[in-house]
Amino acid sequence: MNLQKRLDEFLLYIKNQRNYSPHTIKSYRDDIKVFIEFLADEYIDISVEKIDHFTIRHFLSFMSEQKHLGKNSINRKLSALKSFFKYLIRSGELENNPVDAIIRPKRPKRLPEYLEESDMNTLLDSIIDDTFLSLRNRTMLELLYSTGIRVSELVGTDIRSYDSIGGVLKVFGKGQKERIIPIGGAAQDWLDKYLARGLVKYQDHFSSQDNPLFITKSGNRISTRSIRRIINSIIRKIGLKLHVSPHTFRHTFATHLLNNGADLRAVQELLGHVSLSTTQIYTHLTTKRLKEVYKKTHPRS
């Protein structure tokens, strides 16, 4: 079997049948190509049915020891190979997937980055609402911090998503799962101010409940990329020596809630996490903070 030919067919399959992104297709192509080149050097003329979990382990060992790849890169290659062999099984050229017998290396836990309360206040207060767009920017970031919603959920909101009487925002998370999120008093004040000014500047747009809540200068729904650019611009302006992304606001929201005594399950519900274990990553941050306080304050620390 010509594996290179099968790879080309597989790439067409995930492009046309599975609608994978160009980025994913390129990653799969590069990772599987490395495996095929490894086979050509180490297992000359090996047939695909002879590739087993020992072959895969040899490949991973080679990648780790000779190419010095980390656990994340190895896991990515395993995912690509698993999909490729699954395609070959579907095509009737294989019976079993050799990757299934491989135990994936555990990825190192990365603690979420978050801002201290003072840094968050500095960031938000640096936005002067002297124009409609700067008011929009302040309102968006206030909402991200106040609610902990994902930036994709924020840009997906419409005017009807906001219930000013109940002080809540309705968003649709992963899998279009609906969630009702309470809005803090400060964020609600900014949102009311934004809507009032929007009604004056863009009366036709803000008169309809079906229109996007946050818009560009031309009146189109704002994009996640635009929000990232806005945040980057603010960070450069105030000279904050930290990496801040839209997701940093979500991490900061959860961390500040837990630091101030919020129940973990309540935070899980607010974030829209299906599993509590996903939310528990934030307890590492709060434990770290407690240890720092202990070391600074206990006489025998």
Q: Mind listing whichever residues of the stretch 1-50 are touching a residue at least 24 places away in the same chain (Cβ under 8 Å) and assigned to a loop (DSSP other than H, G, I, E, B)?
A: Met1, Ser47
Q.
Looking at the stretch 49-71 only, could you name the residues that are of a type in the set (Lys, Arg) and within 20 Å of Arg6 (Cβ to Cβ)?
A. Lys50
Q) Between a first residue in the stretch 173-187 that is without any contact (Cβ under 8 Å) to a residue 12 or more places away in the chain and a second residue that is assigned to a strand (DSSP E or B), which pairs have beta carbons less than 8 Å apart while being 6 or more apart in sequence or on different chains? A) Glu178/Lys170; Glu178/Val171; Glu178/Phe172
Q) So which residues in the stretch 165-203 are farther than 19 Å from Leu135 by Cα and among the charged types (D, E, K, R), if there are any at all? A) Lys170, Lys174, Lys177, Glu178, Arg179
Q) Counting only residues that are assigned to a loop (DSSP other than H, G, I, E, B) and not β-branched (Val, Ile, Thr), how many does the stretch 176-196 have? A) 2
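Which of the following residues is surrounded by 13 or more Cβ atoms within 10 Å (Cβ to Cβ) and hydrophobic (A, V, I, L, M, F, W, C): Ile128, Ile183?
On the way: Ile128 fails: surrounded by 13 or more Cβ atoms within 10 Å (Cβ to Cβ).
Step by step, each of Ile128, Ile183 is checked, and only Ile183 is surrounded by 13 or more Cβ atoms within 10 Å (Cβ to Cβ) and hydrophobic (A, V, I, L, M, F, W, C).
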Q: Go through Leu115, Leu111, Leu169 for me and flag whichever is outside any helix (DSSP H, G or I), modelled with pLDDT under 95 and surrounded by 15 or more Cβ atoms within 10 Å (Cβ to Cβ).
A: Leu115
Q | In the stretch 70-94, residue farthest from Phe35 (Cα to Cα) [restricted to those that are in contact with a Lys or Arg (Cβ under 9 Å, 6 or more places away or on another chain) and among the aromatic types (Phe, Trp, Tyr)] | A | Tyr87
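The values are calculated or read from the model by the stated rules, or taken from the named source; none is laboratory data. Computed from a predicted structure; not experimentally measured. Heads up, the Cβs are rebuilt from the backbone with ideal geometry, glycines too, and the neighbour counts pull from every protein chain shown.
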